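Here's the structure, in structure tokens; my notes come after.
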Amino acid sequence: PVASPMFALGLKVCPADPKTNAANSIVNEIVNEVLAGDASPLYRRLYDSGLINATFDSETDCGKDFSAVIFSGESKDPDRVAREILQEIERIQKEGIDPAAFERGKKAVYGRYIRMLNRPDSIANAMVGAHFSGLGLYDLLEIAANATQEQAQQRLTEDYRTENASLSVISPLD
């Protein structure tokens, strides 16, 4: 049982080869920061209105034959949160990624990869994931450091297809 509704909004991404999936996934982490990171207007709006709390997060996941983008957390109205996220995706697809938001997102993602180097378990997980993608650990940092706004816009257009979205909700027992 859960105390408040928990949700996960996933967008299925067309998979490519493992190396490309891994590289695209890192750029998608930047796009997630632009869309719904702590410094984004969407996050602020949802948080200030009480629709999300500090459990809200986004992630990317990929492997040999799959790739996805996921937004998850607790919300008293998961359907509304999902609608707001999908509307924000469509808005930014039309208007383009703001350069300042891109730079903030890129720094946030690169910083996460640098902080990962402080924890042996995170290093081990990243090394295994990179290996199975045909990359090295430091390739992940390079991809994050060298990502461009154009790459992010391309990922937003190709990978964030709202018609490929699915919402899963776990509701409390009454």
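Quick check on F71: is it at pLDDT below 95 and either among the aromatic types (F, W, Y) or within 25 Å of E95 (Cα to Cα) (or both)?
Criteria not met by F71.
Assessment of segment 1-23 against the conditions (surrounded by 23 or more Cβ atoms within 10 Å (Cβ to Cβ), among the hydroxyl-bearing types (S, T, Y) and either at pLDDT below 95 or under 22 Å from I143 (Cβ atoms) (or both)) yields no matching residue. Taking the criterion of being in a loop (DSSP other than H, G, I, E, B) and surrounded by 14 or more Cβ atoms within 10 Å (Cβ to Cβ), the residues of segment 40-55 that qualify are S40, L51, I52.
Pull up segment 56-87, narrow it to residues that are of a type in the set (F, W, Y) and outside any strand (DSSP E or B), then point me to the one that is surrounded by the most Cβ atoms within 10 Å (Cβ to Cβ). Checking each candidate, the answer is F56. Of the helices (runs of 4 or more DSSP H) lying entirely inside segment 119-174, those containing at least 3 residues that are within 25 Å of F102 (Cβ to Cβ) and of a type in the set (S, T, N, Q) are 149-159.
Taking the condition under 25 Å from L135 (Cα atoms) and out of contact with any His (no Cβ under 8 Å at 6 or more places or on another chain), does I52 pass? Here the answer is no, as I52 does not meet what is asked.
Quick one: in segment 88-101, which of the residues that are among the acidic types (D, E) and touching a residue at least 60 places away in the same chain (Cβ under 8 Å) is surrounded by the fewest Cβ atoms within 10 Å (Cβ to Cβ)? Looking at residues that are among the acidic types (D, E) and touching a residue at least 60 places away in the same chain (Cβ under 8 Å), I get E90. Checked against (1) in contact with a Lys or Arg (Cβ under 9 Å, 6 or more places away or on another chain); (2) assigned to a helix (DSSP H, G or I), R112 passes all but a single condition, namely (1). Considered as a group, the residues in segment 102-129 that are touching a residue at least 60 places away in the same chain (Cβ under 8 Å) and either closer than 26 Å to S166 by Cα or touching a Phe, Trp or Tyr at 6+ places or on another chain (Cβ under 9 Å) (or both) include one that is surrounded by the most Cβ atoms within 10 Å (Cβ to Cβ), and that residue is G105.
The values are calculated or read from the model by the stated rules, or taken from the named source; none is laboratory data. Because the structure is predicted, anything quoted here is derived from the model rather than measured. Reconstructed Cβ throughout: ideal geometry from the backbone, glycine too, with neighbour counts over all protein chains shown.
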